[in-house]
Amino acid sequence: MKKLHVLFLFILMAAVTVVSCDDEPLEGVFSVTGDGSDPSEPDPDSETCQLAFDTLVAAQAAFSSATEANYSQVCGAYATAIQATIQLCGDASGTLQATLTSLGDCSTPDPCFQAETAANAALGAFNNATSDNEEQLCLAYSNALAAQIVACGDSNGNIQATIDALNCGGDCAAAQVASLEAQEIFNAVDPLDEDAYTAACADYSMALQAQIAACGDTDGSLTAIVQDLGDCSPPEQDGPVQVTVGDVFTNFNTATVSISGSLLSVVATDIDTGDTFTFDIVLQQTGDNVMQNTILTVGGVVHTPSIEATTPFVNNITANDGTTIVGTFSGTFTNPDNEEVLTADGMINIIY
């Protein structure tokens with residue numbers, strides 16, 4: 001078979017053009033089939049025609065996925081394969097010649113034409129599908145049409161109508177539809193309705209896992225969504241105190257305000273970790289550095305702010321009216337050994 005392919009490459013070149021050593025076309029009748037037949041009369045049933053067609057299919061596939069860097073080379077090979085197929089197999093419908101004309105001089109990439117070529121190739125494969133690969137080839141054709149819409153547009157909606165009419169069926173297609181429906185429900189649910197959120201999230205996660213099982217997940221995108229959904233716990237709402245400690249964000253979910261005369265004592269707690277942020281402040285006092293007795297407890301270790309550090313602790317309170325405390329703070333905190341061990345940057349928005 002290898003010798004036959006090598007022989008065919010010679011035949012292909014001869015079929016496209018026969019040139020003398022002086023680069024002048026030779027005159028007369030030449031036989032390239034080995035049996036003395038006239039090559040000007042293509043034989044669609046010949047072995048050389050079948051080889052030409054196989055070469056054309058491979059060239060067509062390469063052209064469909066050509067990049068800007070190799071477009072001219074791949075396009076040229078595709079054009080040569082078309083010419084050889086016309087010579088050896090004929091082109092009664094004129095389709096091959098029309099394609100060859102559309103290629104032009106192969107100097108400028110044409111993503112739309114490449115997408116159309118890929119869709120036509122996928123259609124050809126689908127038309128010759130067997131019961132074993134019909135669903136797979138149907139989905140491949142549908143995906144090729146979707147890529148054609150991206151590359152060429154679909155002003156009259158005909159391509160999308162073709163996609164909709166395919167109805168590829170099978171477990172994979174059904175799983176895709178189910179996951180899209182579950183996604184729409186999940187996207188519409190109110191995160192504050194914890195029961196509805198958890199139920200919709202669980203349904204979406206299960207639908208995605210069913211899609212992975214039926215269709216695969218070659219790029220891992222579906223698996224990544226499932227991982228992001230996690231255990232479908234409702235998303236945590238912004239707490240009254242939010243702090244970035246080093247590179248770690250901490251959400252202090254709750255805050256209590258104790259009042260003793262004109263002094264307010266605030267205790268903010270991260271209910272997930274038990275970490276706390278506490279400070280005192282005089283009622284109605286606002287401005288720079290009015291927070292007192294500030295303590296940040298992380299992992300059971302008490303940290304106090306340092307005003308002498310390279311990045312000293314500063315704070316600014318913009319509202320303190322007896323119902324709300326609003327402000328920001330940042331700077332260095334030290335551990336019980338007076339070592340500068342962390343920096344924090346936070347915001348306060350307490351309503352009590």
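General remarks:
- Relative contact order, percent, region 40-152 [alpha-carbon distance under 8 Å, six or more residues apart]: 27 percent
- Distances between placed amide hydrogens fall under 5 Å for A319 paired with V326, all partners being 5 or more residues away or on another chain.
- In plain terms, the bigger the Kirkwood radius, the slower the diffusion; for region 183-326, with that radius from Cα pairs, at 37 °C and 0.692 mPa s, Stokes-Einstein puts D at 177 µm²/s.
- Excluding ligands, DNA and RNA, the accessible surface per residue across region 120-194 is 63 Å² with a 1.4 Å probe.
- With N the number of residues in the chain, Rg(Cα) / (2.2 N^0.38 Å) evaluates to 1.75.
- Only Cα pairs under 8 Å and 6+ residues apart enter the sum, and on that basis the relative contact order of region 234-325 stands at 18 percent.
- Using alpha-carbon coordinates, inclination of helix 71-89 to the longest axis of the chain, degrees: 30 degrees
- Considering only G76, G322, G153, the Gaussian network model of the chain with Cα springs below 10 Å gives its largest mean-square fluctuation to G322.
- Surface composition of the chain: carbon and sulfur make up 53 percent of the accessible area, probe 1.4 Å.
- For q = 0.15, 0.17, 0.18 Å⁻¹, Debye-computed log10 I/I(0) when each Cα of region 50-175 counts as one equal scatterer: -0.76, -0.94, -1.03
- Working from label points 7 Å from Cα in the Cα-to-Cβ sense, the L123 to T311 distance is 6.2 nm.
- Figure note: T343, T278 ranked by solvent-accessible area, largest first, 1.4 Å probe, ligands and nucleic acids not counted: T343, T278.
- Estimated purely from DSSP H runs of n ≥ 4, each contributing -39500 (n - 2.57), the mean residue ellipticity at 222 nm for the chain is -14500 deg cm²/dmol once divided by its residues.
- Legend: residues I307, I350, sorted from most to least accessible area (1.4 Å probe; ligands, DNA and RNA excluded), read I307, I350.
- Whole-number percent relative contact order across region 180-260, with pairs defined as alpha carbons under 8 Å at least 6 apart: 22 percent
- Candidate residues M347, M291, M206: accessible-area rank, largest first, probe 1.4 Å: M206, M347, M291
- More than 19 angstrom apart: percent of Cα pairs within region 104-189: 50 percent
- Amide hydrogen neighbours beyond the local backbone of L342, cut-off 5 Å, H modeled: F333
The values are calculated or read from the model by the stated rules, or taken from the named source; none is laboratory data. Small disclaimer: the values here were computed from a predicted structure and weren't measured. Note: ideal-geometry Cβ built from the backbone for every residue, glycine included; neighbour counts use all protein chains shown. In case anyone asks, the SASA skips ligands and DNA or RNA and just uses the protein heavy atoms, side chains included. Shrake-Rupley method; radii C 1.70, N 1.55, O 1.52, S 1.80 Å.
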